[in-house]
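Encoded as structure tokens, the structure appears first; notes follow it.
The values are calculated or read from the model by the stated rules, or taken from the named source; none is laboratory data. Keep in mind the model is a prediction, meaning the values are calculated, not measured. No Cβ is skipped: glycine too gets one built from the backbone with ideal geometry, and neighbour counts run over all protein chains shown.
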Amino acid sequence: MKVLFVAAEGVPFSKTGGLADVIGALPKELKNLGINVAVVLPKYGDTADEYASRMELVHRMSVQVGWRNQYCGVLKLVHDGVPFYFIDNEAHFKRPGTYGFFDDGERFSFFNRAVLEALPFMGFQPEIIHCHDWHAGMVPVLLTQYRNQEFYSRIKTVFTVHNLQYQGVFPKSVLGDLLGLGWEHFNVNGVEFHDQVSFMKGGLNYANALTTVSPTYAQEIQHPFYGANLEGVLARRQSFLSGILNGIDTEEWNPQTDAYLTRNYTWRSWKRKEENKTALQEELGLRQDPNIPLIGMVTRLAKQKGLDLVAHVLHEILEMDLQIAVLGTGEAQFEELFRHFAGRFPDKVSANIKFENALAHKIYAASDLFLMPSLFEPCGLGQMIAMRYGSLPIVRETGGLKDTVLPYNQVTDEGLGFSFANYNAHELLDTVRRAVKLYEEDKEGAWKRMVMRAMRADFSWGASALKYKELYEQVISD
């Protein structure tokens, strides 16, 4: 079986978020299942030279973007046994960053068209093109123009939504001027969205199968609160939609071998976490005490992550005997919030308004609790990484958080963390209090058993890759 991934970013070549982690990890797992997988990405200007210098030119060609012909280079690099192809056009992609530019409509119209035009020259004829998020959403639509050519006639498409909030909506002029598509696609069951063109909607309406990154999120996005004005499309196509949970890279995130840690440990030797805690307390200028509960937050500082709830009750949380270590950047109001409290309570709060990979690893390993009270969360990786490191998550029951964090049940002694249902600051506060109380009162009993369960939970890509394989087989046979 041959499957081609199409996405805007992928580790280790480019990254803005969790999408890149998926593109870096899932193809390797599919390859282990005997699937022939390749990946296509844009070649960005800030791709690290260690990779860019090793890319070989496969083909040069012109790609028609509306009435213009534009240069396109097709480059190739094999990484971890997976062939990665790169679409090269300096006018579109030789700039810092990935997307979020004024001309994204033109850049990704070019990219979607170039992927299809490049296929015959790659020596790779896929049975399935697996498109990820809005940046690849027009591939299934454009494919309708190629169906009369033998090479393309039997290709099927799968479209995965990683975050429905980002939809790639552009003026309707892009349809003809850039994509070269006719007005027959500009309707409610096509790409029309409030008199504009939505790349996301293109993927949702034209792909042979739809997936998103957790079972609960697949249900949530069929309803108005989570549906971002596309709930009608998703409800109409629900028989084509499934939720397959993302995994984490269990080689990168492994407390037994993690080179960033002061002391490595396993679920059997989880008490060694305390050495990582005191080392981090010293590094961040917090009071050194292995017995004080440490709450970690490695997050984008945004409302989506539930930080307005945290803002409401942070003062009350800090009345407890605990510490908080925050790592991340984002909206100014939340950056300022944590800076303010770190200034007022320097021995209790550490605000690291940046992103630093080494520090992320250290916070996962040092923390006892991991706070993730999201407004919505398609999948979420932080809670899975935290559990692998024996840091028990405090989450709101939404999306992938609900699917991965079984809440603690005192009666049955089950659970992997703590959760609350409603988007309410005082429910969050009560849940933090419950978690801290268990830590303080039963650390060698129920707490210890829960940490050991959480560290043994399997959040690897293996199970998810099997589900994708089954989906591909079903799509090909339909």
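Worth a mention:
- The single condition from (1) touching a Phe, Trp or Tyr at 6+ places or on another chain (Cβ under 7 Å); (2) surrounded by fewer than 22 Cβ atoms within 10 Å (Cβ to Cβ); (3) not charged (D, E, K, R) that Pro378 fails is (2).
- Taken over region 117-150, the criterion of being assigned to a helix (DSSP H, G or I) and not hydrophobic (A, V, I, L, M, F, W, C) is satisfied by Glu117, Pro120, His135, Pro140, Thr144, Gln145, Glu150.
- In region 427-436, the residues that are within 17 Å of Gly296 (Cα to Cα) and not aliphatic (A, V, I, L, M): Thr431, Arg433, Arg434
- Pair list, Cβ < 9 Å and 6+ apart or interchain, from region 337-352 residues that are in contact (Cβ under 8 Å) with a residue 12 or more places away in the chain to residues that are among the aromatic types (Phe, Trp, Tyr): Lys348/Phe341; Val349/Phe338; Val349/Phe341; Ser350/Phe338; Ala351/Phe338; Ala351/Phe341; Asn352/Phe338
- Qualifying residue in region 151-171 (condition: at pLDDT 95 or above and part of a helix (DSSP H, G or I)): yes
- Looking only at region 325-359, and only at residues there that are within 24 Å of the chain's Cα centre (by Cα) and of a type in the set (A, V, I, L, M), the one that is surrounded by the fewest Cβ atoms within 10 Å (Cβ to Cβ): Ala332
- Unmet criterion (only one of (1) modelled with pLDDT of 95 or more; (2) more than 26 Å from Asp442 (Cβ to Cβ)) for Arg263: (2)
- Gly462 out of contact with any strand residue (DSSP E or B) (no Cβ under 6 Å at 6 or more places or on another chain), at pLDDT below 95, closer than 23 Å to Thr250 by Cβ and of a type outside the set (Val, Ile, Thr): yes
- As a summary of the residue check, Leu309 satisfies the conditions (1) without any contact (Cβ under 8 Å) to a residue 12 or more places away in the chain; (2) part of a helix (DSSP H, G or I); (3) within 27 Å of the chain's Cα centre (by Cα) except for the one numbered (1).
- Checked against (1) at pLDDT 95 or above; (2) within 21 Å of Thr144 (Cβ to Cβ); (3) assigned to a helix (DSSP H, G or I), Gly176 meets all criteria but (1).
- Per-region count, region 414-431, residues under 26 Å from the mean Cα position of the chain (by Cα), in a strand (DSSP E or B) and not hydroxyl-bearing (Ser, Thr, Tyr): 3
- Residue satisfying condition, being out of contact with any Phe, Trp or Tyr (no Cβ under 9 Å at 6 or more places or on another chain) and modelled with pLDDT under 95, within set Val11, Val65: Val11
Yes/no matrix, rows are residues, columns are (1) of a type in the set (S, T, N, Q); (2) surrounded by fewer than 23 Cβ atoms within 10 Å (Cβ to Cβ); (3) touching a Cys at 6+ places or on another chain (Cβ under 7 Å):
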{"position": "Val169", "(1), (2), (3)": "no, yes, no"}
{"position": "Gly203", "(1), (2), (3)": "no, no, yes"}
{"position": "Tyr206", "(1), (2), (3)": "no, yes, no"}
{"position": "Thr212", "(1), (2), (3)": "yes, no, no"}
{"position": "His223", "(1), (2), (3)": "no, yes, no"}
{"position": "Arg236", "(1), (2), (3)": "no, yes, no"}
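- Residue satisfying condition, being under 29 Å from Ser464 (Cα atoms), in contact (Cβ under 8 Å) with a residue 40 or more places away in the chain and of a type outside the set (Gly, Ala, Ser), within set Leu77, Leu41, Leu116, Leu142: Leu41
- Only one of Leu241, Leu261 that is under 23 Å from Ala209 (Cα atoms) and outside the structural domain of Glu377 (by TED's automatic domain parsing): Leu241
- Positions within region 125-166 being farther than 14 Å from Gly202 by Cβ and small (Gly, Ala, Ser), in sequence order: Ser153
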